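Remarks on the structure that follows.
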Amino acid sequence: MKYIRERLGAKLFLSNLLVILIGVIILAITIQITIPAAFNRHLGMMAANGMGMGMMGQGQGQGFGRTLFENFRASMFQSLGYAVMASVLAALLVSWFLSRRIVAPVQTLTDASQRIADGHYAERVKVDGTDEIAQLAARFNQMATQLEQVESMRRQLIGDVTHELRTPLTSIKGYMEGLVDGVLPATPDTFNQIHHEADRLSRLVDDLQELSRVEAKAYSLDLRSIVVSNLVQTTVKRLSPQATAKRITLRSSLPADLPPVQADEDRITQVLVNLVANAIQYTPDGGDVTILATRQADEVHISVKDTGIGIPPEHLANLFTRFYRVDKSRSRNAGGGSGIGLTIARHLVEAHGGRIWAESKGDGQGSIFTFSLKIAK
Ligand code: ADP
């Protein structure tokens, strides 16, 4: 029974069989019922004619036999005619009922797909049973859910990007109006502010371009065996000027026997640079930023630890979501980013098969950002 419920082919086969069976049964019953009546009627007619025939005298016996046979054939045909009509009618009714039951879910799917094509992404179909059509309906619902998510992400992204672009644009417009009206003095300082906002805009556009590239996985990883201390040295060299400018001590602490990792050097340097740049940015003058690495089973964990402003625990899980900032005004005033850097970092680390997470004891308690990479084979 379970086999039949799960297979559309078995259902179609059985329903055809059922139609044939019902046709045959109705045929048999109708013949049973109609033949005696038809035969009696024809016999009656023959008896009436027989009297006439009796008067013919010679050849009477031969004539009687032929008439009996013809009467039998006529009554047989008549009864068969009724039987065929009854069984065809029954077969038609049963086929109509069965095909409606089988085709109805397909019709529902067709209607639902049309509504989705019209932009109603919340459309779902009811899944009944376990046969192929029910499986198709379940897949259809899955596809609709994904479409709905993509659509809502697209809307969210457009909303976010519009919001992010509006802020520096409004700012530039304000400066320009001030200059035109003579409210703002045309000093290098004013022009520097405008330049600063324009710079933010262009960084935002670059970040967005990079984000769309990593989200679409439109890049390939050149995985090699990489020595972690080289990665760290490159990063420290690149960010030393920024650390020095804020009198931040930037150092690293790596065990001597750290195994090499399996990674794309440029991509992982990008991640580490991002984490260290954030640490420098969110650490007040005179603080410390340390790069650490430890071996954990078949992974190496690389961490960036700072003595900075810290992160309240409720924000930790969201930091890797695009445009997420703990404190929007704080981040902007700090020469702030767009909230995309950590999202890009997460995508890159996950593309390596690793994880990335943040820890902090809260405001003013510093933060630790860690990511994992597989040890090179
Ligand atoms: P942004 O470009 O704004 O720095 P990120 O994606 O790199 O964007 O970081 C997202 C947010 O995470 C930041 O706006 C900031 O609020 C918080 N954050 C990141 N790194 C640190 C850190 N080391 N200390 C405190 N907060 C941090």
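Side notes on the structure shown:
- Residues that are within 15 Å of the ligand (Cβ to nearest atom) and surrounded by 23 or more Cβ atoms within 10 Å (Cβ to Cβ), drawn from the stretch 265-277: Val271, Leu272, Leu275, Val276
- Single match in Asp257, Asp285 (criterion: more than 16 Å from the ligand (Cβ to nearest atom), outside any helix (DSSP H, G or I) and surrounded by fewer than 16 Cβ atoms within 10 Å (Cβ to Cβ)): Asp257
- Checking Tyr324 against (1) more than 8 Å from the ligand (Cβ to nearest atom); (2) open to solvent by 60 Å² or more (accessible area, probe 1.4 Å); (3) of a type in the set (Ser, Thr, Tyr), the condition it does not meet: (1)
- Just one of the listed residues (Arg267, Arg200) is under 38 Å from the mean Cα position of the chain (by Cα), in a helix (DSSP H, G or I) and closer than 27 Å to Arg166 by Cα, namely Arg200.
- Among all residues of the stretch 134-152, there is at least one that is basic (Lys, Arg), assigned to a helix (DSSP H, G or I) and within 30 Å of Ala10 (Cβ to Cβ).
- Of the residues making up the stretch 44-64, those that are modelled with pLDDT under 75 and loosely packed, with under 10 Cβ neighbours inside 10 Å are Met51, Gly52, Met55, Met56, Gly57, Gln58, Gly59, Gly61, Gln62.
- Test: residue in the stretch 256-264 that is acidic (Asp, Glu) and either at pLDDT 95 or above or on the phi > 0 side of the Ramachandran plot (or both): yes
- Count - residues of the stretch 354-370 that are of a type outside the set (D, E, K, R), open to solvent by 50 Å² or more (accessible area, probe 1.4 Å) and not in a strand (DSSP E or B): 2
- Being over 29 Å from Leu8 (Cβ atoms), modelled with pLDDT of 85 or more, open to solvent by 50 Å² or more (accessible area, probe 1.4 Å) and of a type in the set (A, V, I, L, M) is a property that does not hold for Leu68.
- Checked against the criterion of being at pLDDT below 95, part of a helix (DSSP H, G or I) and out of contact with any Pro (no Cβ under 6 Å at 6 or more places or on another chain), the stretch 215-224 has at least one qualifying residue.
- Looking only at residues in the stretch 174-190 that are aliphatic (A, V, I, L, M) and outside any loop (DSSP other than H, G, I, E, B), the one that is most open to solvent (accessible area, probe 1.4 Å) is Val180.
- Close contacts from the stretch 204-223, counting a first residue that is on the phi < 0 side of the Ramachandran plot and touching a residue at least 60 places away in the same chain (Cβ under 8 Å) and a second that is among the small types (Gly, Ala, Ser) and more than 16 Å from the ligand (Cβ to nearest atom), with Cβ to Cβ under 8 Å and a gap of 6+ residues or different chains, come to Val214/Ala351; Leu221/Ala351; Leu223/Ala263.
- Test for Leu250: is it hydrophobic (A, V, I, L, M, F, W, C) and open to solvent by 40 Å² or more (accessible area, probe 1.4 Å): no
- Ser171 being open to solvent by less than 60 Å² (accessible area, probe 1.4 Å) and within 27 Å of Tyr324 (Cβ to Cβ): yes
- Filtered residues of the stretch 25-43 (kept if at pLDDT 85 or above and open to solvent by 80 Å² or more (accessible area, probe 1.4 Å)): Ile25, Ile29, Gln32, Ile33
Every residue, every condition in (1) within 37 Å of the chain's Cα centre (by Cα); (2) at pLDDT 95 or above; (3) not in a strand (DSSP E or B), yes or no:
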residue: Thr294; (1), (2), (3): yes, yes, no
residue: Glu314; (1), (2), (3): yes, no, yes
residue: Tyr324; (1), (2), (3): yes, no, yes
residue: Arg330; (1), (2), (3): yes, no, yes
residue: Gly336; (1), (2), (3): yes, no, yes
residue: Leu348; (1), (2), (3): yes, yes, yes
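- Hits in the stretch 72-108 (condition: open to solvent by less than 40 Å² (accessible area, probe 1.4 Å) and under 30 Å from Gly129 (Cα atoms)): Ala90, Ala91, Val94, Leu98, Ile102
- Residues that are more than 12 Å from the ligand (Cβ to nearest atom), touching a strand residue (DSSP E or B) at 6+ places or on another chain (Cβ under 7 Å) and of a type in the set (D, E, K, R) within the stretch 289-306 comprise Asp298, Glu299, listed in sequence order.
The values are calculated or read from the model by the stated rules, or taken from the named source; none is laboratory data. Given the structure is predicted, the values throughout are model-derived calculations rather than measurements. Reconstructed Cβ throughout: ideal geometry from the backbone, glycine too, with neighbour counts over all protein chains shown. Quick note on the areas: whole protein, heavy atoms, side chains included, nothing else; ligands and nucleic acids left out. Shrake-Rupley method; radii C 1.70, N 1.55, O 1.52, S 1.80 Å.
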